[in-house]
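Below: the structure, in structure tokens.
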Amino acid sequence: MSFGRPGPWPRDVIIKLDATTFPDAFAPEGRQPRAMLFAAATELADEGCVRLVRHGRGHLRIEPKEVRMGPAEVERIIEAARRLGYEPLSVALAELEQHAATLAMEPQPAWMRTFLKSLAVSLRQADPSMLGFSRARLKHERRSLAPALTAAVALSRDPAPAWERVTSERLFRDSKLLGRVRPLVVAVLVRADPRWQGVPPEEATELLEVYGVRRKPGLIRCAGAAELRIGKKIYALEDFAPAAHLPDAWADAWVDALVSSGTRCVTTIENEYPFLSYIEEADGPVGLAARGEVAVYTAGFPTPRLVTALVQLAQKSNATFQHWGDADVGGLRIWYFLRSRLGRPLMLLRTTADWVASESLNGGRPLSSLERQALVRLRQELGESEGADVGSARALIDSLLEHGVKIEQERY
């Protein structure tokens, strides 16, 4: 690449003036567009912005064949383009580099500061790959990327629960801006926060819930049997079929009800349809209750309120915990996140090394190089920790790496 390098360059930038590059101008009816194209090329050459190469032979010998640009022409063509509203890539890179460096000086977790400092260095080298961006995309979206970086830093240091528009108004004095840049905020956080390393941004669309940003009222979606006492009323959990959708404001009452009912097993499930199918397989909430079990839908990465409720349940009961998720980086990161917060074993259910080995024979989506690296890092984080659940997770990672595929839990 020649970006930011002085000449001589290995080759010129060459634009062919032919039917492949400009099909409309060389179409049978393209006489006028072709004349305008040649006139524009000649004008740029007269201004010293490009060098014109003509055919030089035959009846087309005076017609332009191609335009070339090298180090000598760069400054002139950039200046001409600026008069038409063009903005060089170097401007976008410099502005974002300065923004990242400024943000790195604010209070924040060490991992975010490390990410921002590394990002500033990469942008100085015209390399936006840390963000998963090409140069063209960075230039196109840099006005959205700056507030996305700002939001990511703010959420990393102060994940206080609030509605998305409230958070946006506090940060930007614009209640809708955070919603517009949400995908970019997620893209930054999955690359900066070590808890999510390797999780594809498109699989973490609701990640901001973990940082307290809410777009809809919080719900606890679960199935089982227990009596919830809310004020003077009593609600039977098993009456909600196939599953209860409880306001998360009832979380404390939900925990107390499960403890009182003697719940012996808590099964957390990552995705919605496996959650519903699991309930059906157990013959509904009553069937789950018969074996002392409650099933809980995490909706991907669980919300802070749900995590807090599960932690309280773990502290107040002797129930065992198990998790059923996808066989991929995201599924394992959710398992590890929950296990870390619960402070107790969290067995993997159904998504096991043997299941991956068996299902890989029927195909699966290939692991990317980034996903492979993320799995290797997670295995290193697990180290040699004891526990059947950790051993099962290590075996699952090894199986994913061996077979080179990822499989969603819906396959089960």
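Can you find, within the stretch 257-295, the residue that is surrounded by the most Cβ atoms within 10 Å (Cβ to Cβ) among those that are charged (D, E, K, R) and not in a helix (DSSP H, G or I)? Taking the candidates together, the pick is 270. Which condition does residue 65 not pass, out of (1) touching a residue at least 12 places away in the same chain (Cβ under 8 Å); (2) in a helix (DSSP H, G or I); (3) open to solvent by 70 Å² or more (accessible area, probe 1.4 Å), if it passes all the others? Failed condition: (2). Checked against (1) of a type outside the set (S, T, N, Q); (2) closer than 23 Å to residue 200 by Cβ; (3) part of a helix (DSSP H, G or I), residue 350 meets all criteria but (3). Filtered by the rule that a residue be open to solvent by less than 90 Å² (accessible area, probe 1.4 Å), of a type outside the set (Gly, Ala, Ser) and within 36 Å of the chain's Cα centre (by Cα), the stretch 72-94 gives 78, 87, 88, 89, 91, 93. Being among the aliphatic types (A, V, I, L, M) and either open to solvent by 20 Å² or more (accessible area, probe 1.4 Å) or farther than 15 Å from residue 196 by Cα (or both) is a property that does not hold for residue 334. Among the numbered conditions (1) modelled with pLDDT of 95 or more; (2) open to solvent by 50 Å² or more (accessible area, probe 1.4 Å); (3) aliphatic (A, V, I, L, M), tell me where residue 223 comes up short. Result: residue 223 fails condition (2) only. A count restricted to the stretch 226-256 and to residues that are in a loop (DSSP other than H, G, I, E, B) and either surrounded by fewer than 19 Cβ atoms within 10 Å (Cβ to Cβ) or touching a Pro at 6+ places or on another chain (Cβ under 8 Å) (or both) stands at 6. Screening 385, 340 for residues that are part of a loop (DSSP other than H, G, I, E, B), small (Gly, Ala, Ser) and out of contact with any Cys (no Cβ under 8 Å at 6 or more places or on another chain) leaves exactly one candidate, 385. Only one entry of 47, 66 meets the criterion of being touching a helix residue (DSSP H, G or I) at 6+ places or on another chain (Cβ under 8 Å) and not basic (Lys, Arg), and that entry is 47. Restricting the search to helices (runs of 4 or more DSSP H) fully inside the stretch 107-215 and requiring at least 3 residues that are aliphatic (A, V, I, L, M) gives 110-124, 135-157, 177-192.
For residue 110, the criteria (1) open to solvent by less than 60 Å² (accessible area, probe 1.4 Å); (2) of a type in the set (A, V, I, L, M); (3) free of Cβ contacts under 8 Å to residues at least 60 places away in the same chain hold in every case but one, which is (1). Of all the criteria given as (1) modelled with pLDDT under 95; (2) under 22 Å from residue 377 (Cα atoms), the one not satisfied by residue 304 is (2). Evaluated against (1) under 18 Å from the mean Cα position of the chain (by Cα); (2) aromatic (Phe, Trp, Tyr); (3) open to solvent by less than 10 Å² (accessible area, probe 1.4 Å), residue 301 falls short on exactly one condition, (3).
The values are calculated or read from the model by the stated rules, or taken from the named source; none is laboratory data. Keep in mind that this is a model prediction, so the values were computed, not measured. Here the Cβ is made from the backbone with ideal geometry for all residues, glycine too, and neighbour counts use every protein chain on show. Side chains included, ligands, DNA and RNA excluded: accessible areas come from the protein's heavy atoms. Shrake-Rupley method; radii C 1.70, N 1.55, O 1.52, S 1.80 Å.
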